[in-house]
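The values are calculated or read from the model by the stated rules, or taken from the named source; none is laboratory data. Since the model is a prediction, treat every value here as computed from it, not as a measurement. Cβ coordinates were reconstructed from backbone atoms using ideal geometry, including for glycine residues, and neighbour counts include every protein chain displayed. To get the accessible areas, we keep the full protein, side chains included, count just its heavy atoms, and leave off ligands, DNA and RNA. Shrake-Rupley method; radii C 1.70, N 1.55, O 1.52, S 1.80 Å.
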Amino acid sequence: MNIRRFLTIIAFAAALAAPRFVYAQTNENKFDGNNPYTQLIPQPKDVYYDLNSPCFVLKKDVRVVSNDPFLSDYLAGHIKNLTGEKVEIIRWEKWKSAKKTIKREHPVISILIADNAAPEGREYSLEVQENAIFIFSNGYEGAMSGIQTLLQLLPPQTYNFNNRDFSNLIIIPQGRIEDSPSFRYRGFELDVSRTWRPAEDVYKVLDWMAYHKLNKFHWHLTDDQGWRVEIKSLPLLTEKGAWRGPDEVIPSSFGSGNKRYGGYYTQQQIKDIVKYAADRGIEIIPEIETPGHSAAIAGSYPEILCEFPEDTSINETGFSREIWCVAKESNYEIIEKIIKEMAEMFPSGIINMGGDEVNRFNWEKCPDCQALMKKMGMTNSEQLHFYFVSRVNQIAKKYGKKIAGWEEIMYADDIKDNSLIYVWHSKKWGPMAVQNGFDCVMQAAEYVYLDMQQSPIERGHNWARVIPLEITYSYDPIKLASAGKDAGKAASNLELARKHVVGVQAGLWEELGNRPENFVEYQMFPRLCALAETGWGTSRTIADSAANYKYFYDRLTQAHFARLENMGIRFRVPYPEVKAEPVAFTKTDVLISESYMRPYKITVTPPYEGAVVKYAIVSPQTEIGNIRGQKDTTNYKYVYTEPIITRDIANYRFATFVSDTLHSVGVAVSNMPLQTVRMVPHFEIETNMRASEKNLSILKEYKEKAYCRFEGRAKAGDYITFVFDEPIKCSVIDIVTGRANVDFYGLTEGYAEYSEDGGAEKRLTAAA
Ligand code: ACM
Ligand code: ZN
């Protein structure tokens, strides 16, 4: 043990009580419902406990002793949720001079931040004794982490600021935790451009991050669909660029509908949020997207664009001009204005300047960009991107900032020593970044893009893949970044990956953020709990990966779900597995009818131990899951306790309930044995819109998941007519535009007409 640290502890502890450093039992990495040391997320590095000694008892008269004003208030505020009483706070210096002894009747929790206070190689230690709890930390972040660990050792109501159910007996067994993260960067990225999130929402996200020991908030503040940060020297950015709608510079998109939609943060709001985050040990890294994804600024200040004759071609997002001209010197002046004000708002040493998905076709048409290429001897328009990044880097340096950007910026000149690369195509760019000596944050889309679906029956993208919790938990950023074609290469890459991968981050893009109302929480949790453990470096505590995941899943479902619920997070609850198998024929069955439906036995496997599964009996057409993100109005009346024998297996829907109001999506029998016979009437399609024959023929296939992609966006007056050979009798017409799981390609305005007899049309007024 470091002698200085030892002396600090002795000096401190002498003023409190004799510390115990040795515990009889060590952590066995196995969940135990009676032992809070086995219920922590992220799992700390070293955990020792002793279940046989007298426990620490948290009483109403507990006092917090600390040398940090915010941390003591923060801890005391959470403890008040348990005791219902205001907690007395005593400054460490005052406490020390008073030399009070501690009685069991009067427990104390102390937080000390001091040089070498934590054990060597660790960021903090947490020691629970009979009469006192000590957190020792070398720095502020470690103390915050220590507090978070302590909160998790307490009952889940510690997170509930509305708690009224105060318990008399709150105990923690004696123990000791020595802990530090493996990655210094543990982040979460939120896109507030595609869906506007007001400041209150951001505060909540920061709270949730802190509870999970995540320490970097990457704030995606600008994109094509909205500019969200006040820049006083460029007022149109927020007067115009923060809004989309019918008469705005940005067209409606992503479900924002036929109205003005948007918002932005004032500089004062940003400063308040930055301070709130810093108090919780979180650094905010802002992102301003350049040179692509810039339709919002281009709508406000069109002079940033390349100038060339009108081109009516349009890209998939609906913008033909959304990229900064590289050749205009005035553009670098505008960027400087932005960086200057951003530097005043954000103390972070890093400013993220985007750089992904640069749609270079404007540069290829722009005479000025072409002239610049020629002058600089460039042979490829990608070099214009690198030139732009280098120029932006020079500006950032002037304001004392490193630039960060997506992997696409990596080959810009002279940025290596002043940049941080965010890798999103991990297999290719992870190894590329570390081999080229770039510090990087691994944000691999196929593990931690939280806008991806959590299962095929839930809403979300799936272009990276469907990402269930297990996949996020299996994320190994070092392994990805060190992949090499041969063993030797992989080994040397491993060294490089350990050196250059500074951390991990999950991201939530918000094209789909318009619904459901709890979209952010639902997509974040519990996958962010898995990411937290990856970032802490304890997601591979047990060598056997199945046992390892089980340990995490037990901690999550048996302890952490209750914490999440008390934090007020409407998280994604796993749904049960529901199977049916035929019941053996009986004589009675045969006698009832020749054309009977066979009886089946429906068996439900709850998704975790102790999960409550309820069910409803509905019509067989009732949609399964929540793929459209709409409110589930099913009345799950019955609690499932034993297998159900029924002939109507298509009529049952099951959901896992965490509380009366928080449940999973509803699921039907997953191995439905009877195919409903579907009559498929013949029809032809007439449309004025362009699509390939192959695409159009998809419309006629009656496949639920198939969709026809038209070229370009639909305009007023566009139509598709389904012409049936003869009138069709039906009770419901379901009109689905776009893909069910990513509906933003669908129409938001439109109407349907139908004709009963091939003659006059009737108009349906249902909203699309
Ligand atoms: C990205 O997903 N375009 C960084
Ligand atoms: Zn240009």
I need the shape label for the range 271-402. Rule: rounded when a/c is under 1.5, else prolate if a/b > b/c, else oblate, with a, b, c from the alpha carbon gyration tensor. prolate
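To the nearest 20 Debye, how big is the dipole of the range 394-503 about its Cα centre, given +1 on the beta carbon of each Lys and Arg and -1 on that of each Asp and Glu?
The calculation lands at about 220 debye.
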Please report the Cα spread of the chain along all three principal axes, rounded to whole Å, starting with the longest. 95, 91, 54
Whole-Hz Karplus ³J(HN,Hα) for the range 449-466, in order, using 6.51 cos²θ - 1.76 cosθ + 1.60 and θ = phi - 60°, x for Gly and Pro? 7, 7, 7, 6, 4, 8, 7, x, 9, 10, 5, x, 6, 9, 5, 7, 3, 6
For the range 190-306, what is Rg from Cα atoms divided by 2.2 N^0.38 Å, rounded to two decimals? 1.09
Could you work out what % of the accessible surface of the range 123-249 is carbon and sulfur, using a 1.4 angstrom probe and leaving DNA, RNA and ligands out of the count? 47
For the range 499-633, the accessible surface attributable to carbon and sulfur atoms (probe 1.4 angstrom, ligands and nucleic acids excluded) amounts in percent to 54
Loop-only check: which GluC sites (Glu not before Pro) in the range 438-540 are DSSP coil with at most 14 other Cβ within 10 angstrom? Glu517
Amide proton proximity set for Glu510, modelled H, under 5 Å, gap of 5+: Asp191, Arg194, Thr195
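Which pairs in the list Lys275/Lys337; Lys427/Lys499; Lys340/Lys375; Lys232/Lys365 are over 25 Å apart, alpha-carbon to alpha-carbon? Don't skip to the end; give the middle numbers.
Values: Lys275/Lys337 23 Å; Lys427/Lys499 18 Å; Lys340/Lys375 29 Å; Lys232/Lys365 33 Å.
Going by Cα-Cα distance, Lys340/Lys375; Lys232/Lys365 fall outside the 25 Å limit.
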So who's got an amide H within less than 5 Å of the one on Ile41, skipping anything under 5 residues away but keeping other chains? H placed 1.01 Å off N, in plane. none
Among all the lysines, which ones have a C-alpha under 17 Å from Lys86's C-alpha, if same-chain residues fewer than 8 places away are not counted? Lys59, Lys60
With charges set only on the Cβ (+1 for Lys and Arg, -1 for Asp and Glu), what does the dipole of the chain come to about its Cα centre, in debye to the nearest 20? 2160
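Ignoring ligands, DNA and RNA, what accessible area per residue does the range 110-211 give at 1.4 Å, in Å²?
Ligands and nucleic acids excluded, the result is 30 Å² per residue.
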Run the numbers on the chain and let me know its relative contact order in percent, using alpha-carbon pairs under 8 Å that are six or more apart. 10
Residue-normalised 222 nm signal for the chain, counting each DSSP H run of n ≥ 4 as -39,500 (n - 2.57), nearest 500 deg cm²/dmol, is -8000 deg cm²/dmol
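Mind listing which GluC sites (Glu not before Pro) in the range 103-133 are in a DSSP loop and have 12 or fewer other Cβ atoms within 10 Å?
Sites meeting the loop and neighbour criteria: Glu105, Glu120.
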Nearest-20 debye value, the range 329-386 charge dipole, Cβ charges on Lys, Arg, Asp, Glu: 240
Normalise the Debye intensity by I(0) for the range 128-201, one equal point scatterer per Cα, no solvent, then take log10 at q = 0.15, 0.28 Å⁻¹ and round to two decimals. -0.78, -1.31
Using the Karplus curve 6.51 cos²θ - 1.76 cosθ + 1.60 with θ = phi - 60°, work out ³J(HN,Hα) for each residue of the range 406-415 in order, rounded to whole Hz, and write x for Gly and Pro. 5, 3, 4, 8, 4, 8, 5, 5, 6, 9
Expressed in angstrom, Rg and Dmax over the Cα atoms of the range 494-556 are 15.0, 44
Using alpha carbons only: equivalent-ellipsoid semi-axes of the range 176-226, gyration tensor based, whole Å: 28, 13, 5
Rounded to whole Hz and in sequence order, give me ³J(HN,Hα) for the range 640-645 from the Karplus expression 6.51 cos²θ - 1.76 cosθ + 1.60, θ = phi - 60°, writing x for Gly and Pro. 6, 10, 8, x, 10, 9
List the trypsin sites (Lys or Arg not before Pro) within the range 113-207 that DSSP assigns to loop and that have no more than 14 neighbouring Cβ atoms inside 10 Å. Arg164, Arg184
Give the accessible surface of the range 611-740 per residue, rounded to a whole number of Å², with probe radius 1.4 Å and ligands, DNA and RNA excluded. 69
